[in-house]
Amino acid sequence: MSVPLATKGLAAATPSFQIANAWHVVPWALALVFYFTAGGYLSLGTHVLIMILFTLSLDLALGVAGIITLGHAAFFGFGAYAAGILAARLSNDPLLGLAVATLLTGLFGALVGMLILHTAGVTLMMLTLAISALLAEFANQAHWLTGGDDGLQVGRMAPLFGLFRFDLWGHTAYLYALAVLFLWSLAAWRIMRSPFGRSLDGIRQNPRRMRAIGTPVWRRLVVAYGLSAAMAGTAGALEAQTTRAVGLGALGVLASGTVLVMLILGGTRRTYGAFVGATVYVVVQDVAAQIDPFRWMFVVGILLVAVVLFLENGLMGLPEAARRVLRGSRSRSGGR
Amino acid sequence: MADTALSVRGLCKSFGALPVAQDINIDLALGSRVGLIGPNGAGKTTLVNLLTGTLAADAGSILLNGDAIDGLTPEARVRRGLARTHQINTLLNESTVRDNVAIAIAERDRIAWRLLRFRQDWRRCLEEAQARLHELGIAHAAERTVAELPYGEQRLLEIAIALSLRPSVLLLDEPAAGVPSLEAHVIHDALDRLSADIAVLMIEHDMDLVFRFAREIVVLVQGRVLTRGAPADIAADPQVRAVYLGRRAA
Amino acid sequence: MLDVTILLDGLAYGMVLFIISVGLTVTMGLMRIVNLAHGAFAMIGGYFATMLLGAGLPFFAAALLAAVAVGIVGAAVELTIYRPLYRKGELAQALMTFGLTFVVIAALTTVFGTGIKPLPIPPALNGVIDIGFRTYPTYRLFLVAVGLVLALLLWLLIDRTSFGARLRAAVDNPRMARAVGIDVNLLFTVTFAGGCALAAFGSVIGAALLPLEPYYALRYLVLFLVIVGVGGIGNFKGSFVAAILLGIIDTGGKFLLPQASAYLFYGAVIILLLLCPHGLLPAKSAA
């Protein structure tokens, strides 16, 4: 009996993680078009790419594996500071810095995961908050290493591959970030679609069921958490290398909240959910740049409340939500 | 005893001052069909939880195919060949019926760690899952999500998943619970078709099912084994009647 | 004498934390909802009280009025936007209440500005009292006294009244409670309002220890959640013990190792959470 290989993706209820291949070209083509037409907005574009990567990392930990973390910025910040410190003290080769920061953050994430992933629910949430607070406190105090309150200034990175200088207008930076995002996206999609990813999804849905089929739940979650941390660390390292500055804001509770918003806005477990969410958020934030940080909190807060109450599957879920509403109204008007 | 699949000796467990398992001894030979009955609160599900490792026993030993499994985590015991179904459906509700089984097969075959070169192996899991669903008569629902499935078919899925682990010992926790009596025969038929290599311990309240299915019955009361024997003997036993009906033994 | 200072200061601090957090542990245990906006309600109470004090009201009147006002606001919020959350799962609840906190912070800073908002203690509490072997600030002793009195009153309420019995029943088994005719919805609203009111009260009387500033709701949220987590969700006595314990640890850390006090505190929290994921004291009932 033959069985179709392309079953309904990771979770049948939500649309598949597989988009017809041709459409994949669109977002990346758009990104390249942006490169050529952006003008002064190129550095904003780089920031968007970095935030997409950060959000994608959270999708792996939270969206797929169901690890409710309110402190994911800890890994972003860890990667940022690691890359920054490396550049200042050891070598300002960008790729080396990127690789080392990614690895270190991944290891850190795995260690933290080993410690806290025995727990779940509210206890886990609080542990992620506590770890994040600890790290922020350390960054604040270790002035000699992190610059403390003043932050870290990162010198200019060496040319990429020895050839491409990091120019003032951010051309190299943008393509650098785009390439890194592309590679990590491929990896992330592969992870999420693999049997490993499916088992993570299973753990999210019902850990008890997964234990009953012999899944070593804790071990698997630790690996997922470590991978997610590594990804977030790469994003942080990119931020440090391209903006040449690292501050305490990278680690704080606001940053963790922001990435949550970006993910929920776009929709979890969607191939391009993280992309849509991060882009929309950063663009809207930039357009509203004149507004002071507290008015901005208002917008973020309202967004969160609205999305949770009305848009359960994020922006990527709008088409279905619209279809459901249309079907509902049609049946109401057409019946009896 | 080479063909004793499961051997339990002196299993004890108390929650504070409340004993829930007292000196329980049970042997399950390969191919055996044992029914575990007893009034509510007797500790039947507790016993299953002790066997699977979800609950840690205070004392006693459990041997699975001759090996001691006392210190092992529930996951490890599953890998050694001990599978269970749950009294309340414990399924991946967002996933399809076939995926529920396929994931279990992937776990069994240790494919679940793979990040590379998994297409072929996953396809095999899907194919085997489809076959398993066919065995239990729910192949037609393969692509539906669990949430869309009627309750009786969900119970069958529970059994399908447990069977796909190729266990040597299968613990069924009230497989027909909550299934409307009109649909229950489907479950009964599925249980009849269980392979002869598996040792099955079934908790049930449905006496028709127990007496039809079991070749030996163990009666549990307040954590203690009251008596055991062939179905006919248990049915005639005045002690058992008293426990269920509350009259003093004749 | 440092130890006594640490003990008493820690006790006072713990009492404030208890008064604010007790509402959270009861509602999280009762409604099983992850409410990250609890700090925001406390904050509203504090800021509102500064307005009342500015208008000339005496300290205690302001504290009580603020509590009542926030209680009403809490009831309104529960009836409207919290209701749909009950069936949505922990993540959705965390996100929405997190968002709500942001909205509250933004609203309050628009009205009150972004600096620290001082809340002056009444002159009666401003001095020192002779407690035998030394003198000690009246204010802190007052906090300890108020905390003990409130704890006692709450315990009596929960343990000795029919309201408390209904509350406990609903925490243990909401379905059964409904089946025996307990109006669980009304109970939710009243309890939530009460929790918010207590939080507001605690915020006002404790403003000298937990200063009112824009990030109040987020900064101390961790503390409140930690007390709930360490004490056990829904565990009233547990939250009392946890609040005192953590209050003393934090104060002790600040005195003995000022540089490392945050590490000590969060480290203790992590250890406590890992050792007792279900809380310090045994749960009163099955979840």
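The values are calculated or read from the model by the stated rules, or taken from the named source; none is laboratory data. Just so you know, these numbers come straight off a predicted model, no measurement behind them. Neighbour counts run over all protein chains shown; Cβ positions are idealised from the backbone, glycine included.
In the set C:L186, C:L108, which member is in a helix (DSSP H, G or I) and surrounded by fewer than 13 Cβ atoms within 10 Å (Cβ to Cβ)?
Being in a helix (DSSP H, G or I) and surrounded by fewer than 13 Cβ atoms within 10 Å (Cβ to Cβ) holds for just one of C:L186, C:L108, which is C:L186.
Looking only at residues that are within 17 Å of A:V217 (Cα to Cα) and under 16 Å from the mean Cα position of the chain (by Cα) in the range B:56-79, which one is farthest from the other protein chains (Cβ to nearest Cβ)?
Looking at residues that are within 17 Å of A:V217 (Cα to Cα) and under 16 Å from the mean Cα position of the chain (by Cα), I get B:R77.
Could you grab me the full set of residues in the range C:189-209 that are more than 24 Å from C:V171 (Cβ to Cβ) and buried (at least 21 other Cβ atoms within 10 Å of the Cβ)?
Once the filter is applied, which keeps residues that are more than 24 Å from C:V171 (Cβ to Cβ) and buried (at least 21 other Cβ atoms within 10 Å of the Cβ), the range C:189-209 yields C:S203, C:V204, C:I205, C:G206, C:A207.
For the range B:11-55, name all the residues that are of a type in the set (D, E, K, R), under 23 Å from B:L194 (Cα atoms) and more than 13 Å from the chain's Cα centre (by Cα).
B:D27
Using the structure shown, decide if C:I72 is of a type in the set (V, I, T) and closer than 28 Å to C:L119 by Cα.
Yes, satisfied.
Going residue by residue through the range C:107-116, is there one that turns out to be touching a Phe, Trp or Tyr at 6+ places or on another chain (Cβ under 9 Å) and away from every other protein chain (no Cβ under 14 Å)?
No, the range C:107-116 contains no residue that is touching a Phe, Trp or Tyr at 6+ places or on another chain (Cβ under 9 Å) and away from every other protein chain (no Cβ under 14 Å).
I need every pair where a residue in the range A:187-209 that is at the interface with chain B (Cβ under 8 Å from one of its Cβ atoms) and without any contact (Cβ under 8 Å) to a residue 60 or more places away in the chain has its Cβ under 8 Å from the Cβ of a residue that is among the basic types (K, R) and surrounded by 22 or more Cβ atoms within 10 Å (Cβ to Cβ), sequence separation at least 6 or different chains.
A:G202/A:R209
Taking the options B:G66, B:G81, B:G71, name whichever one is at pLDDT below 95, buried (at least 18 other Cβ atoms within 10 Å of the Cβ) and out of contact with any helix residue (DSSP H, G or I) (no Cβ under 7 Å at 6 or more places or on another chain).
B:G81
Could you list, in sequence order, the residues of the range B:130-172 that are within 21 Å of B:S32 (Cα to Cα), at the interface with another protein chain (Cβ under 9 Å from one of its Cβ atoms) and aliphatic (A, V, I, L, M)?
Within the range B:130-172, B:I161, B:A162, B:L165 meet the criteria.
Suppose the filter is within 12 Å of the chain's Cα centre (by Cα) and either farther than 25 Å from C:I116 by Cβ or away from chain A (no Cβ under 14 Å) (or both); does C:L221 pass it?
When the stated conditions are applied, C:L221 does not pass them.
Of the residues that make up the range A:215-230, is at least one in contact with a Lys or Arg (Cβ under 8 Å, 6 or more places away or on another chain), hydrophobic (A, V, I, L, M, F, W, C) and either more than 23 Å from A:M316 (Cβ to Cβ) or in a helix (DSSP H, G or I) (or both)?
Scanning the range A:215-230 turns up at least one residue that is in contact with a Lys or Arg (Cβ under 8 Å, 6 or more places away or on another chain), hydrophobic (A, V, I, L, M, F, W, C) and either more than 23 Å from A:M316 (Cβ to Cβ) or in a helix (DSSP H, G or I) (or both).
Table: residues versus (1) of a type in the set (G, A, S); (2) crowded, with 22+ Cβ neighbours inside 10 Å; (3) closer than 21 Å to A:A245 by Cα; (4) more than 7 Å from chain C (Cβ to nearest Cβ).
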{"position": "A:L95", "(1), (2), (3), (4)": "no, no, yes, yes"}
{"position": "A:A101", "(1), (2), (3), (4)": "yes, yes, yes, yes"}
{"position": "A:T105", "(1), (2), (3), (4)": "no, yes, yes, yes"}
{"position": "A:A110", "(1), (2), (3), (4)": "yes, no, no, yes"}
{"position": "A:I116", "(1), (2), (3), (4)": "no, yes, no, yes"}
{"position": "A:A130", "(1), (2), (3), (4)": "yes, yes, no, no"}
{"position": "A:E137", "(1), (2), (3), (4)": "no, no, yes, no"}
{"position": "A:T146", "(1), (2), (3), (4)": "no, yes, yes, yes"}
{"position": "A:L152", "(1), (2), (3), (4)": "no, yes, yes, yes"}
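Give me the residue from the range A:270-313 that is in contact with a Phe, Trp or Tyr (Cβ under 7 Å, 6 or more places away or on another chain) and part of a loop (DSSP other than H, G, I, E, B) and, out of that set, surrounded by the fewest Cβ atoms within 10 Å (Cβ to Cβ).
Going through the qualifying residues, I end up with A:A288.
If C:P277 satisfies all but one of (1) within 19 Å of the chain's Cα centre (by Cα); (2) assigned to a loop (DSSP other than H, G, I, E, B); (3) under 21 Å from C:T27 (Cβ atoms), what's the number of the condition it fails?
Of (1) within 19 Å of the chain's Cα centre (by Cα); (2) assigned to a loop (DSSP other than H, G, I, E, B); (3) under 21 Å from C:T27 (Cβ atoms), only one is false for C:P277: (1).
Which condition does C:L95 not pass, out of (1) within 14 Å of another protein chain (Cβ to nearest Cβ); (2) closer than 16 Å to C:A193 by Cβ; (3) surrounded by 24 or more Cβ atoms within 10 Å (Cβ to Cβ); (4) not β-branched (V, I, T), if it passes all the others?
Result: C:L95 passes all but (2).
If you check C:I233 against the conditions, is it crowded, with 23+ Cβ neighbours inside 10 Å and not in a helix (DSSP H, G or I)?
yes
Under the condition of being on the phi > 0 side of the Ramachandran plot and of a type in the set (G, A, S), which residue from the range A:154-182 is surrounded by the most Cβ atoms within 10 Å (Cβ to Cβ)?
Here the answer is A:G170.
Just checking, how many residues over the range A:158-173 are touching a residue at least 40 places away in the same chain (Cβ under 8 Å) and under 15 Å from A:L98 (Cβ atoms)?
The total comes to 5.
Would you check if C:L30 is within 17 Å of C:L198 (Cα to Cα), in contact with a helix residue (DSSP H, G or I) (Cβ under 7 Å, 6 or more places away or on another chain), assigned to a loop (DSSP other than H, G, I, E, B) and at pLDDT below 95?
The answer is no for C:L30.
Take C:M51 and decide whether it is crowded, with 21+ Cβ neighbours inside 10 Å, among the hydrophobic types (A, V, I, L, M, F, W, C) and not in a loop (DSSP other than H, G, I, E, B).
For C:M51, the condition - crowded, with 21+ Cβ neighbours inside 10 Å, among the hydrophobic types (A, V, I, L, M, F, W, C) and not in a loop (DSSP other than H, G, I, E, B) - is not met.
Within the bounds of the range C:198-209, is there any residue that is touching an Asp or Glu at 6+ places or on another chain (Cβ under 6 Å) and either within 24 Å of A:L127 (Cβ to Cβ) or of a type in the set (G, A, S) (or both)? Can you show your working first?
The first filter runs over the range C:198-209 and keeps only residues touching an Asp or Glu at 6+ places or on another chain (Cβ under 6 Å), leaving none.
No: zero hits.
Tally time: how many residues in the range B:140-165 are surrounded by 17 or more Cβ atoms within 10 Å (Cβ to Cβ) and at pLDDT 90 or above?
So the answer is 18.
Does C:A242 satisfy the condition of being crowded, with 22+ Cβ neighbours inside 10 Å, assigned to a helix (DSSP H, G or I) and of a type in the set (A, V, I, L, M, F, W, C)? Before the answer, list the steps.
Numbers: crowded, with 22+ Cβ neighbours inside 10 Å: yes; assigned to a helix (DSSP H, G or I): yes; of a type in the set (A, V, I, L, M, F, W, C): yes.
For C:A242, the condition - crowded, with 22+ Cβ neighbours inside 10 Å, assigned to a helix (DSSP H, G or I) and of a type in the set (A, V, I, L, M, F, W, C) - is met.
Filter the range B:92-111 down to residues that are farther than 22 Å from B:A5 by Cβ and surrounded by fewer than 20 Cβ atoms within 10 Å (Cβ to Cβ) and give me whichever is nearest to the other protein chains (Cβ to nearest Cβ).
Taking the range B:92-111 and keeping what is farther than 22 Å from B:A5 by Cβ, we get B:92-103, B:106, B:110-111.
With the extra rule that they be surrounded by fewer than 20 Cβ atoms within 10 Å (Cβ to Cβ), the set shrinks to B:93, B:110.
Details: B:N93: 6, B:R110: 10 Å.
Only one residue tops the list, namely B:N93.
Select, from A:R336, A:R324, the only residue that is modelled with pLDDT under 80, part of a loop (DSSP other than H, G, I, E, B) and farther than 30 Å from A:A29 by Cβ.
The unique qualifying residue is A:R336.
Could you figure out which of (1) more than 22 Å from the chain's Cα centre (by Cα); (2) within 27 Å of C:G247 (Cβ to Cβ) isn't true of C:V111?
(2)
Checking the condition within 14 Å of another protein chain (Cβ to nearest Cβ), out of contact with any Ser or Thr (no Cβ under 9 Å at 6 or more places or on another chain) and among the aliphatic types (A, V, I, L, M), which residue from C:I248, C:I227, C:I271, C:I205 passes?
One residue alone meets the criteria, C:I271.
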